[in-house]
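The values are calculated or read from the model by the stated rules, or taken from the named source; none is laboratory data. Every value quoted in this text rests on a predicted model; they were computed, and no experiment measured them. Reconstructed Cβ throughout: ideal geometry from the backbone, glycine too, with neighbour counts over all protein chains shown. We work out accessible area using only protein heavy atoms, side chains counted, and drop any ligands, DNA or RNA first. Shrake-Rupley method; radii C 1.70, N 1.55, O 1.52, S 1.80 Å.
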Amino acid sequence: MQVNTLILGAGAAGLYCAAHAGPDTLVVDHGKAPGEKIRISGGGRCNFTNLHAGPDNFLSGNPHFCKSALARHTQWDFIDLVDRHHIPWHEKTLGQLFCDTSAKDIIAMLLAEVHAAGADLWLQTQIGEITHDGARFRVTLDREGQRRKVKARHLVVATGGKSIPKMGATGRAYDIAAQFDVPVTETRAGLVPFTFSDAPFTGLSGVSTPVRAMAADGTGFDEALLFTHRGLSGPAMLQISNYWQPGEALTLDLAPGADLYETLRAARATGGRKRLASVLPLPARLVEHLGGQHDLAGNVADWSDARLRRLSDALTGWQVRPTGTEGYRTAEVTLGGIDTGALSSKTMQAKGLPGLHFIGEAVDVTGWLGGYNFQWAWSSAHAAGQAIAAADRA
Ligand SMILES: Cc1cc2nc3c(=O)[nH]c(=O)nc-3n(C[C@H](O)[C@H](O)[C@H](O)COP(=O)(O)OP(=O)(O)OC[C@H]3O[C@@H](n4cnc5c(N)ncnc54)[C@H](O)[C@@H]3O)c2cc1C
């Protein structure tokens, strides 16, 4: 059997590419359903893009690589498509756009686009051997008990990263890259909760508080921290996990955007008889926990400026040193991947092998939490799809 374009992976990037790659396209996936990560994303409502998406929201060995694709297919292009499909959406916070009803609306939209483009979708299909005969790719596919050899002029690898193997992640993209001498940068779990060997926050499990979380390289995020029985999670910690290296400490400012020292001095001026622990602008269980590390005894009136200063410095510069992260088991993304130096930023095509494209999470481009990763999936898929369609017209 022969097709013009074979796309491996029917996730966000693979489906979107199929909608743009032109006629005679086949998308294959080993899963039972397409777009499984879309379905569970954003708590079932899919944070499908971000109003503020731009190159600065992405990590990559080459920070310039994502610029072209993001500029040529922007969040506004994707929002326009969502509107054309009459999918209701809202901005939740920080430019993050979510479906009003269900992430399934986005999957249905993508499937309608794939259908309209005339592309075929094969699920529960195992991808076997892949070769290239100098002109075409030959891929062995196992489906419904039958083995088929498919020849394709263009091969698009959209099998994602290693995050959440339970949902079908395999890291196959990296093996395909290695086979065709496309370099792969070191991968690690991103947007992932932190763990601590001594479980120091078990008693605080479920407590949430706004923080500024800072990595050793100075990057910081002002969002919520969530204590868990295993360690630290919540948007602030997921965000900073992308910038954390094993062994490093993180700095937590428990009073982000406020002057805690002045807040405590003001509390002393107006309510000196109150116990200091009761005027700290933090959840009560967290204050109780901090009482085990800092002397919070006495009324505010008893506290000197120097003592208030020491405490506010400690609470705005709280150092924690995670043992590790929860890893790919729960990570929302995979950092690193197909080396961008080996790809064209305009077409996502491997420089060393025309016809071979890598898109989406498999590539060494990782977004912040907040709809940026889907925007990369859409933009990179569009770049590859358009390039394939244009090459076939020429
Ligand atoms: C819990 C969770 C919530 C998330 N929420 C958001 C969010 O709200 N907003 C956001 O922007 N990002 C979110 N993300 C990240 C986002 O889901 C990914 O960045 C995005 O799905 C990447 O798209 P992709 O198409 O490259 O890969 P994927 O969506 O992972 O698709 C890859 C596809 O390839 C298939 N596949 C893999 N290996 C093989 C193989 N060997 N053979 C055949 N098929 C294979 C898989 O079954 C899958 O269908 C979330 C991630 C997770 C895990």
Checklist entry - Over what distance in Å are the Cα centres of the stretch 337-394 and the stretch 38-84 separated? => result 13 Å
Next on the checklist: Just the number: Rg to Rh for the stretch 93-192, Cα atoms, Kirkwood Rh, two decimals.
Outcome noted: 1.02
Next on the checklist: I need the helices of the chain that pass two filters: whole DSSP H segments spanning 30 Å or more by Cα along the axis, and mean Kyte-Doolittle score no lower than -0.5.
Outcome noted: 372-393
Checklist outcome for this item: Karplus ³J(HN,Hα) for the stretch 35-46 (6.51 cos²θ - 1.76 cosθ + 1.60, θ = phi - 60°; Hz, whole; x = Gly/Pro) runs x, 4, 6, 5, 4, 8, 5, x, x, x, 10, 6
Checklist entry - Rounded to whole Å and sorted largest first, what semi-axes of the equivalent ellipsoid does the C-alpha gyration tensor of the stretch 264-355 yield via the square root of 5 times each eigenvalue? => result 53, 15, 11
Checklist entry - If we count GluC sites (Glu not before Pro) as exposed when they sit in a DSSP loop and have at most 16 other beta carbons within 10 Å, what is the longest stretch of the chain that avoids them all? => result 249-394
Checklist entry - So, in nm, how far is label Asn62 from label Thr219 when the simple model puts each one 7 Å beyond its Cα toward the Cβ? => result 1.9 nm
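In percent, what relative contact order does the chain have, based on Cα pairs under 8 Å that are 6 or more apart in sequence?
24 percent
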Checklist outcome for this item: Here the percent of antiparallel bridges among DSSP beta bridges lying wholly in the stretch 1-138, to the nearest 5, is 55 percent
Next on the checklist: Bins of 20 Å, beginning at zero and ending with the bin holding the largest distance: percent of Cα pairs per bin for the chain, please.
Outcome noted: 27, 48, 20, 5, 0
Checklist outcome for this item: So the carbon and sulfur contribution to the accessible area of the chain, 1.4 Å probe, in percent, is 50 percent
Checklist outcome for this item: Rounded to the nearest Å, the spacing of the alpha-carbon centers of the stretch 301-322 and the stretch 202-241 is 19 Å
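Send over the semi-axes of the stretch 1-75's equivalent ellipsoid, whole angstrom and largest first, taken as the square roots of 5 times the C-alpha gyration tensor eigenvalues.
They are 25, 19, 11 Å, listed largest first.
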Checklist entry - Full extension from Leu94 to Lys149: what is 0.36 nm times the residue separation minus their Cα-Cα distance, to one decimal in nm? => result 15.1 nm
Next on the checklist: How large is log10 of I(q)/I(0) for the stretch 1-141 at q = 0.08, 0.14, 0.15 Å⁻¹ when the intensity is taken from the Debye formula with one equal scatterer per alpha-carbon?
Outcome noted: -0.26, -0.76, -0.86
Item to check | Under-5 Å amide H pairs with Leu121, H placed in peptide plane, nonlocal only | outcome: Val27
Item to check | Distance (nanometres) between label positions extended 7 Å along Cα→Cβ at Arg273 and Trp318 | outcome: 3.0 nm
Checklist outcome for this item: quick note, the chain, DSSP beta bridge pairs, % antiparallel (nearest 5) is 75 percent
Item to check | Computed FRET value (nearest 0.05) for His294 with Asp198, which takes r as the C-beta separation and R₀ as 22 Å | outcome: 0.75
Checklist entry - Can you give the Rg and Dmax of the stretch 304-394 based on its C-alpha atoms, in angstrom? => result 21.7, 78
